[in-house]
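Take a look at the structure below.
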Amino acid sequence: MAASTAITGQAAIASPSSRTAALASFVRFVLCGGAVTVLASGVLLLIGDSVPLALSNAVVTVGSTVLATELHGRFTFGRGGADWSDHCACALTVLLSYLFTTGALLAYASAYPSGDALTRQGVYIAASALAGLGRFLLLRLVVFRPGRGGVPLGRAAVAAAA
């Protein structure tokens with residue numbers, strides 16, 4: 001296939017190279033997001049006793065979202081630095097993920113009022129995984145799609161990101 005996708009009827013079939021690029025982006029998404037989450041968790045541990053929990057969590061969430069957005073723009077999707085519209089769009093995806101996971105936990109608690117903590121944790125992990133996948137797709141296909149702006153990178157940086 002000469003192009004990255006071939007249109008067959010009404011369905012688009014991704015070429016092997018575009019599937020590989022998507023998988024590589026997903027792996028970078030997981031690694032960057034995971035590293036930022038571990039960093040944020042460490043910051044919460046450091047400031048947790050001296051700052052009220054709700055305030056420290058809010059500050060860490062905003063800071064980690066800004067950092068993750070920059071990392072995703074530069075490394076995950078190789079588009080360059082994020083601008084304000086990227087940060088706002090990414091913040092919206094974080095809000096959607098929060099609402100999704102909270103909804104899943106509330107639905108579980110409503111359906112199983114005396115459910116055990118291990119099952120509740122399983123619901124949270126499953127909902128977080130689905131929210132993360134949805135977030136990746138929104139970032140890849142909407143926020144950091146090619147040609148949407150951002151700070152351009154040179155060819156070598158884009159090749160390294162792919």
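The values are calculated or read from the model by the stated rules, or taken from the named source; none is laboratory data. None of these values were measured; they are calculated from a predicted model. All Cβ positions, even for glycine, are placed from backbone atoms using ideal geometry, and neighbour counts span all protein chains on display. Remember, those area values only see protein heavy atoms, side chains included, never the ligands or the DNA or RNA. Shrake-Rupley method; radii C 1.70, N 1.55, O 1.52, S 1.80 Å.
Brief remarks on what is shown
- Residue satisfying all of: in segment 96-152; in a loop (DSSP other than H, G, I, E, B) and of a type in the set (Lys, Arg); surrounded by the most Cβ atoms within 10 Å (Cβ to Cβ) among these: Arg148
- Hits in segment 18-37 - residues which are touching a residue at least 12 places away in the same chain (Cβ under 8 Å) and open to solvent by 80 Å² or more (accessible area, probe 1.4 Å): Thr37
- Residue pairs whose Cβ atoms lie under 8 Å apart, sitting 6 or more positions apart in sequence or on different chains, and linking a residue in segment 104-125 that is without any contact (Cβ under 8 Å) to a residue 12 or more places away in the chain to a partner that is open to solvent by 100 Å² or more (accessible area, probe 1.4 Å), are Ala109/Arg120; Thr119/Tyr112.
- Considering only residues in segment 132-162 that are at pLDDT 90 or above and of a type in the set (A, V, I, L, M), the one that is farthest from Arg74 (Cα to Cα) turns out to be Leu133.
- Residues that are part of a loop (DSSP other than H, G, I, E, B) and free of Cβ contacts under 8 Å to residues at least 24 places away in the same chain were ranked within segment 38-92; the one that is most open to solvent (accessible area, probe 1.4 Å) is Asp49.
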